[in-house]
Amino acid sequence: MPDYRVGIGYDLHRLGDNRKLIIGGVNIPFGRGLLGHSDADVLLHAVIDALLGACGLPDIGEMFPDTDVRFKDADSRQLLAEVQQRVAAEGYLANNVDCVVHADKPKLSAYKRDMAQVIADTLRIDVRRVSVKAKTNEGVGAIGREEAIAATATVTVIERE
């Protein structure tokens, strides 16, 4: 019987001026973007942590530290591709990805399919194995006050045969 594992990832970044808003590898037109050392893509960062956790590997902060200039303004799609290779080297493949982006604004419905496609392409899985949902915080907390955007991801991996 194949070995299935599950990982959970979470990320949150503050919104700020003079930054592109990139979520799930998709550039979203908006007046502000997420602040961070890399491109601050909360969705891909949550997926990365979930994949790493499923395989018992170090978290994103340890693998891609914000003190390392190599990762300054890094494209999170490339970081996810590197993690996918690391997961494969451990003998596992991504099997299913289920994600939630938490943002009151901008509205993300029009971008969810593109985000799912980016994740699927990068992980080399069928897009039907990736779900991206968008939820608001109904005006509550930093997300509700439009100060931040967060993402949660659950990933299953399966042992390679």
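The values are calculated or read from the model by the stated rules, or taken from the named source; none is laboratory data. These figures come from a predicted structure and were not determined experimentally. Because the Cβ atoms are built from the backbone with ideal geometry, glycine has one as well, and the counts that use them run over all protein chains shown. Accessible surface is based on the protein model in full, side chains and every heavy atom, while ligands, DNA and RNA are left aside. Shrake-Rupley method; radii C 1.70, N 1.55, O 1.52, S 1.80 Å.
If we restrict to alpha carbons, what Rg and Dmax does segment 75-149 come to, in Å?
Gyration radius and largest Cα-Cα distance of segment 75-149: 14.5, 43 Å.
Count charges around PRO65 for me, please; just the other residues with Cβ under 13 Å from its Cβ, Lys/Arg as +1, Asp/Glu as -1.
After counting each charged neighbour, the total is -2.
Around VAL140, under 15 Å between beta carbons, what's the net of Lys plus Arg minus Asp minus Glu among the other residues?
In short, -1.
Which distance in nm do the two modelled labels at ALA88 and ASP68 give, with both placed 7 Å along the Cα-to-Cβ direction?
Label at ALA88, label at ASP68, 1.9 nm between them.
Output the relative contact order of segment 25-161, whole-number percent, from Cα pairs under 8 angstrom with separation of 6+ residues.
Value for segment 25-161: 33 percent.
May I ask for the net charge around CYS55, where only other residues with Cβ less than 12 Å from the Cβ of CYS55 are counted and Lys, Arg are +1 while Asp, Glu are -1?
Once all neighbours under 12 Å are counted, the net charge is -2.
With semi-axes √(5λ) of the Cα gyration tensor in Å as the read-out, I listed (1) 25, 22, 16; (2) 32, 22, 19; (3) 26, 17, 13; which label goes with the value calculated from this structure?
Among (1) 25, 22, 16; (2) 32, 22, 19; (3) 26, 17, 13, the one calculated here is (3).
Cross-chain or 8 or more residues apart, Cα under 17 Å: how many lysine pairs in the chain fit that? Count them up, please.
Total qualifying Lys-Lys pairs in the chain comes to 9.
Remind me, relative contact order of segment 16-59 in percent, using alpha carbon pairs under 8 angstrom and six or more residues apart?
Dividing the mean separation by the residue count of segment 16-59 yields 31 percent.
Sort 86-92, 25-31, 14-20, 152-158 by packing, meaning the average of other beta carbons within 10 Å per residue, with the highest value first.
Ranking, from highest mean packing down: 152-158, 86-92, 25-31, 14-20.
Restricting to DSSP H runs of at least four residues, report the calculated mean residue ellipticity at 222 nm for the chain, -39500 (n - 2.57) per run over all residues, nearest 500 deg cm²/dmol.
-8500 deg cm²/dmol
Rounded to the nearest 5, what is the percent of antiparallel bridges among the DSSP beta bridges in the chain?
80
Run the accessible area of the chain with a 1.4 Å probe and give the carbon-and-sulfur part as a rounded percent.
Roughly 47 percent, rounded to a whole number.
With charges only on Cβ, +1 for K and R and -1 for D and E, what is the dipole size of segment 1-149 about its Cα centre, in debye, rounded to 20?
Computed charge dipole of segment 1-149: roughly 520 debye.
Using every Cα-Cα pair within segment 98-140, state what percent have a distance larger than 14 Å.
Summing the P(r) tail past 14 Å for segment 98-140 gives 47 percent.
Name the residue from LEU43, GLY53, PRO29 whose Cα lies farthest towards the positive end of the charge dipole of segment 14-64, charges +1 on Cβ of Lys and Arg and -1 on Cβ of Asp and Glu.
So the residue we want is PRO29.
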